[in-house]
Every structure is written in structure tokens, then in C-alpha cells.
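These notes concern the structure reproduced below.
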Amino acid sequence: MTQVHLYDTTLRDGMQGQGMSLSAAEKVRVVRALDRLGVHFIEAGFPSSNPKEEELFRLLSDVELETAAVCAFGMTRRRGIAAEEDDGLQTLVSSFAPVCTLVGKTWALHLEKVTRVSREENLAMIIDSVSFCRGHGKRVVYDAEHFFDAWRDDSGYAMECLRAAMTGGAENVTLCDTNGASLPGEVAGAAASVVAELGERVEVGIHTHNDAEVGVANALAAVEAGARMVQGTINGVGERCGNANLASILPALQLKMGFECVSPDRTRLLTETAHFVDEICNLSPDPDQPYVGRNAFAHKGGMHVAGVQADARTFEHLDPELVGNSRDVLISELSGRGSVVSRASGAGIELDADAAKRAVERVKEREHRGYHYEAADASFELLLRRESGDYTPLFRLESFRVTTEKRADGGVETEATIKVWVEGRRHVRTAEGNGPVNALDVALRSAITELHPHLADIELVNYKVRILDEHQGTGAVTRVLLDSSDGHTDWGTIGVSENIIEASWEALVESLEYAFQPREAKAESARVPT
Ligand SMILES: [Zn+2]
């Protein structure tokens, strides 16, 4: 089977989308999930455009990946200087990332109006920059920005730019539809010409945007024309109307067009991975999203249901299990018995058949109430532990009370009092905080860290709230996702309630309980990027 490489740019181009923001630790979790899915390249960003990116590259240098290579992204050198004098290129080659992705100009309109660089100097900038990175032992992917606009304007010069990257030693030249202006026929035509001219010596890639709602179609057209690498983002997140959606491109290439992208069993992780990326970005998964949406294989009409029961092919374009989705899907991918058992063993928990069955029922019931475990790996593990009997509660709550006072001078004060039992002893603690969750956290921790001092080191690194209105006509329900860290590993927990304090409390308690469970099991489960 012919291989097509997948290049994920969720963490770079995807982060240009409205309201997209992830911490360095969250990005590492995304990298792990993408690696588990089997993508070949993960573009992490520019190694040190700010402290957050610097931290990301520092964290990533310790992460062992199975299938993916991390790409550091940067631009060709500035005009009029040598590549080694360019700070940006120096940063790129000094990063640990084995691959440098360089973006450069292709379109004369940009050379004239934006960068004011001559055509000749632009070609020199491309050759110099690529060969500089190659000289430092890096693999190079070259992104030809505005390639298709340039092609329409002057195809000869566009081809020269690609040749310059090839001369410099790039292993891949990627044709970028940066403005999203192109339609599939044009993309196929230009890609076929490039492949005919250069395809024997360099891999051709495609990077498309969804401005004309054909981002995916354009990418597939380019592969049909001979491109062998596709760049995109999970769920098509990205600037304006988004990038080409890898969650649709992967199944189309592998399950419909017969290319090999990832090992066959990994396509089953697609739905879970897509939902994980949505959850961690605090986006609601789109129920109507192709392949991975909750409704993608849901059948309503009586005739459809009967047809699907007789033979699924009558009303389904694809077997939903191949992409990790399921028919009649009210329940998520985690509720399958197989995945429950494999998660449990990954976390060192023994689940017998009865316990696995109970766990599946519990997941279904809780998902019905608004729980989603894709980004709450620690809560999921605790649920499995409770069913397996291998679970020790950290404390028993007697009661808590939180008050917030706002005064005429604008001051706001919050105080929490909790009464809990820890190993047979009653503790009553009062604490102030900058908000109700913080005050509860401080009070609870002061009670339990007397006996469990290591729980003092846990940091709550992220707190995300979403209002769910989709449940049961009970009015809105609040879902809280909490990310915690002990400096080595990160974990996510969830709480759901009509009351935001109660939902936050649940997520907070699960975070501490998770940290309290035996150590070896914790290290094990940290490797499973839910
Ligand atoms: Zn782009």
C-alpha cells in the first residue's frame, strides 16, 4: 500500500483560531494523543517566540514518541544577511526537534507588497535557509506559502521556489493554499504538474484551508494527483474558517482511497482523539461532525433503523467502529467493554468481567448526566478503581460552607469552612481564598496534608467551566474540568452539577484522590493519553 504521511499542525496553525489557547502542559497531552493516533509529524510551534513555547519545547524534549517526529516551525532567513546570522534560524537548529519546517514566500504579490524582496533574493533565502538547517543535521519540510495563488500568477516562478527548497536539501515541499482560495480542480492540476516535475526527487505535501469549505476535498485531490503528505489540524481548528480537518482526511485516505496513513488498528482511536482535542480546547464536540460526531452514525427514521439492522451498508457509508464511533450513539467511545478493560489494565487495575460490566453501565449512566471522560483521565481511572474494589477514599466529608461577601468599596472576600474525617479523626478548617474553589481547596488541603503531606505539592493548573444545556430538561448543568500537576505528570478530573460550586468540589476532590492512589499505578496511567 502506498504511504501518505500525516502532518498535524493543530498546535501551531490550529492555535491561530478564535479563542484557542492551550498551556504547555496541555499541548504535551495533545502531542501524546496525536502520537498514539499514529500521525507522522507534529508541528509544535516556534521554539522560543515566547516563554510558553520555550517551556513546551523543554517539556517535549523529554517525551518519548512512538510514531511522530516533532517539527519546529520557522521562516526563511531575513533578506540581506547570511543564514547563520539569522536569530530565528539559529533558534530552530538549536532546538531538540529533529525536523525544521520552514515557510517561505512564493507569490510575487507578496514579494512586492509585503516583504519587498526581489525574486532572486527570495530564491537565495530559500536555498540558504534550507541548507543551513540541513547542515545542522535537521530534516527539512518546506512550506511554500500562497503556492496556489503564485501558481495562478506565474507557475514558472512558483516551481522555481520549490526547486530552490529541493536544492537546499528539503525532503518535502508542501504546497500551501494559505488564503484558502482554491478549488479541488485547480489544486489537483497544480499538484499533478509539481509531482510530474519534482515528484521523483522530493516528497510533495499539501496544506489547505477551509475558506471555500473544500479544505478536505482539496487535500484529497492533491493526494490523488500524487502528493504524499497532508498537513491539517484535528477537527479543522484554525484561523478564519479553519484548516483542513485531519479527522476527516485520515479515514478518507485510509478507509476509502486505500492509502496507508496509520497502522490499521489506530484508525479506531480517531473519535476519541478528536473529542479529546475538543475537550482540552474547551470546545463542545460538534455532534454533526463527519466520522466522529455523535450523530455521524445515528439513525432515526424507522426504515433506516430496519435497513441498518438487516445490513449496515444499506444506510451507512462506513463501519463506525473503524473510526472508533458507534451506531445509535448516545454514549461515547469509552463505554465499550473492550476499551474499559484495556484502560483498566493500562492503569494497573484488575477488573473482572462483572466489574467491567458495572463500569460500562456506570460510564453510560454518567455520560447521560453530562460527564465526558476524554479529558478527565484521572476521574475515569477513579471510576474504574471504585468498580474494582481497589479504591481507598482519602477522607469523608461531613459538610462544607462557602460564603462570598462583596462590599460597597468593591472588595470581595471569600471564606470556606469544611468539616471532614481523615483516618478516623475529625478536622474542622476555615480558609480564605480568592474565590470559592480556591478557599475550599485551601481548607481541604490544610485538613488532609497533616497525614498526607505530599498532597500539598499538587498544583491546580487549569480550571475550565462549560454550561451544558443538552441534558434532560433539568435546566442547565455546569461541567467543570480541572487539570492538576505534581511537577512530573498531569491529570484531568471532572465534576458535573447544577451548582457550579458542587461541580468544582467534585473535580477538586477527584484530583486529590487520584494523587492519593498508589504510585506505580499512577505512573502507568499517565502514559495513557485519554
Ligand atoms: Zn496555514
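Name every residue in segment 248-258 that is assigned to a helix (DSSP H, G or I) and more than 16 Å from the ligand (Cβ to nearest atom), in order of residue number.
Residues satisfying the conditions are Ser248, Leu250, Pro251, Ala252, Leu253, Gln254, Leu255, Lys256.
Among Val363, Val402, Val341, Val420, which is modelled with pLDDT under 85 and open to solvent by less than 80 Å² (accessible area, probe 1.4 Å)?
Val341
With (1) over 20 Å from the mean Cα position of the chain (by Cα); (2) open to solvent by less than 20 Å² (accessible area, probe 1.4 Å); (3) not small (Gly, Ala, Ser) as the list, and Leu270 as the residue in question, which single condition is left unmet?
Here Leu270 meets the rest and fails (1).
Restricting to segment 237-247, give me the number of residues that are in a helix (DSSP H, G or I) and open to solvent by 10 Å² or more (accessible area, probe 1.4 Å).
Adding up the residues that qualify gives 0.
Specify the residue that is surrounded by the most Cβ atoms within 10 Å (Cβ to Cβ); the eligible residues are those in segment 423-437 that are within 32 Å of the chain's Cα centre (by Cα) and part of a loop (DSSP other than H, G, I, E, B).
Applying the filter and picking the extreme gives Gly435.
What are the pairs with Cβ atoms under 6 angstrom where one residue, in segment 405-416, is surrounded by 10 or more Cβ atoms within 10 Å (Cβ to Cβ) and the other, located anywhere, is of a type in the set (Asp, Glu)? Sequence gap at least six, or different chains.
Glu413/Glu405; Glu415/Glu432
Just for segment 120-153: of the residues that are in contact with an Asp or Glu (Cβ under 8 Å, 6 or more places away or on another chain) and among the basic types (Lys, Arg), which one is surrounded by the fewest Cβ atoms within 10 Å (Cβ to Cβ)?
So the residue we want is Arg152.
In segment 350-360, is there at least one residue being among the small types (Gly, Ala, Ser) and either assigned to a strand (DSSP E or B) or farther than 29 Å from Val477 by Cβ (or both)?
The answer is yes, given that some residue of segment 350-360 is among the small types (Gly, Ala, Ser) and either assigned to a strand (DSSP E or B) or farther than 29 Å from Val477 by Cβ (or both).
Just the residues that are open to solvent by 60 Å² or more (accessible area, probe 1.4 Å) and either modelled with pLDDT of 90 or more or in a helix (DSSP H, G or I) (or both), please, taken from segment 373-390.
The one that is open to solvent by 60 Å² or more (accessible area, probe 1.4 Å) and either modelled with pLDDT of 90 or more or in a helix (DSSP H, G or I) (or both): Arg386.
Restricting to segment 322-338, give me the number of residues that are in contact with a Lys or Arg (Cβ under 6 Å, 6 or more places away or on another chain) and either modelled with pLDDT of 85 or more or part of a helix (DSSP H, G or I) (or both).
2
Take the residues in segment 140-152 that are of a type outside the set (A, V, I, L, M, F, W, C) and out of contact with any Phe, Trp or Tyr (no Cβ under 6 Å at 6 or more places or on another chain); name whichever of them is farthest from the ligand (Cβ to nearest atom).
Once the filter is applied, the top-ranked residue is Arg152.
For segment 171-192: of the residues being away from the ligand (no atom under 16 Å from the Cβ) and open to solvent by 10 Å² or more (accessible area, probe 1.4 Å), which is nearest to Gly226 (Cα to Cα)?
Per the criteria, the residue is Ala192.
Residues to consider are Gly156, Gly205; find the one that is within 14 Å of the ligand (Cβ to nearest atom) and either in contact with a Lys or Arg (Cβ under 6 Å, 6 or more places away or on another chain) or open to solvent by less than 50 Å² (accessible area, probe 1.4 Å) (or both).
None of the other options fit; the residue is Gly205.
Any idea how many residues of segment 5-46 are assigned to a helix (DSSP H, G or I), more than 11 Å from the chain's Cα centre (by Cα) and within 14 Å of the ligand (Cβ to nearest atom)?
Total meeting the criteria: 1.
Please go through segment 64-89 and give me each residue that is under 21 Å from the mean Cα position of the chain (by Cα), open to solvent by 40 Å² or more (accessible area, probe 1.4 Å) and not polar (S, T, N, Q), ordered by number.
Result: Glu64, Leu65, Glu66.
Condition first: over 22 Å from Ser484 (Cβ atoms) and not charged (D, E, K, R). Now tell me which residues in segment 413-446 satisfy that.
Those that are over 22 Å from Ser484 (Cβ atoms) and not charged (D, E, K, R): Thr417, Trp421, Gly424, Val428, Thr430.
Among the residues of segment 5-16, write down those that are surrounded by 24 or more Cβ atoms within 10 Å (Cβ to Cβ) and aliphatic (A, V, I, L, M).
Across segment 5-16, the qualifying residues are Leu6, Leu11.
Return yes or no: is Ala447 within 30 Å of Ala375 (Cβ to Cβ) and under 34 Å from the mean Cα position of the chain (by Cα)?
For Ala447, the condition - within 30 Å of Ala375 (Cβ to Cβ) and under 34 Å from the mean Cα position of the chain (by Cα) - is not met.
Could you count how many residues in segment 361-389 are over 19 Å from Ser511 (Cβ atoms) and touching a residue at least 40 places away in the same chain (Cβ under 8 Å)?
Within segment 361-389, residues that are over 19 Å from Ser511 (Cβ atoms) and touching a residue at least 40 places away in the same chain (Cβ under 8 Å) number 3.
Of all residues being under 26 Å from Leu11 (Cβ atoms) and away from the ligand (no atom under 16 Å from the Cβ) in segment 222-232, which is most open to solvent (accessible area, probe 1.4 Å)? Just the residue, please.
The qualifying residue most open to solvent (accessible area, probe 1.4 Å) is Arg228.
When you scan segment 17-63, how many residues do you find that are open to solvent by 60 Å² or more (accessible area, probe 1.4 Å), within 18 Å of Thr101 (Cα to Cα) and among the acidic types (Asp, Glu)?
Matching residues across segment 17-63 total 1.
Would you check which residues across segment 90-119 are of a type in the set (Gly, Ala, Ser) and open to solvent by 20 Å² or more (accessible area, probe 1.4 Å) and list them?
Of everything in segment 90-119, those that are of a type in the set (Gly, Ala, Ser) and open to solvent by 20 Å² or more (accessible area, probe 1.4 Å) turn out to be Ser94, Ser118.
Kindly provide the set of residues from segment 35-53 that are modelled with pLDDT of 95 or more and of a type in the set (Lys, Arg), ordered by number.
Arg36
Out of Thr9, Thr106, report the one residue that is in contact with an Asp or Glu (Cβ under 7 Å, 6 or more places away or on another chain), closer than 19 Å to Ala247 by Cα and in contact (Cβ under 8 Å) with a residue 24 or more places away in the chain.
The unique qualifying residue is Thr9.
Can we say Ala447 is at pLDDT 95 or above, buried (at least 18 other Cβ atoms within 10 Å of the Cβ) and under 26 Å from Val496 (Cβ atoms)?
Spelling it out, it is not the case that Ala447 is at pLDDT 95 or above, buried (at least 18 other Cβ atoms within 10 Å of the Cβ) and under 26 Å from Val496 (Cβ atoms).
Tally time: how many residues in segment 47-101 are assigned to a helix (DSSP H, G or I) and among the charged types (D, E, K, R)?
Looking only at that region, the number is 8.
The values are calculated or read from the model by the stated rules, or taken from the named source; none is laboratory data. Every value quoted in this text rests on a predicted model; they were computed, and no experiment measured them. Cβ sites come from the backbone with ideal geometry, for glycine too, and all protein chains shown count toward neighbours. For accessibility, only protein heavy atoms count, side chains too; no ligands or nucleic acids. Shrake-Rupley method; radii C 1.70, N 1.55, O 1.52, S 1.80 Å.
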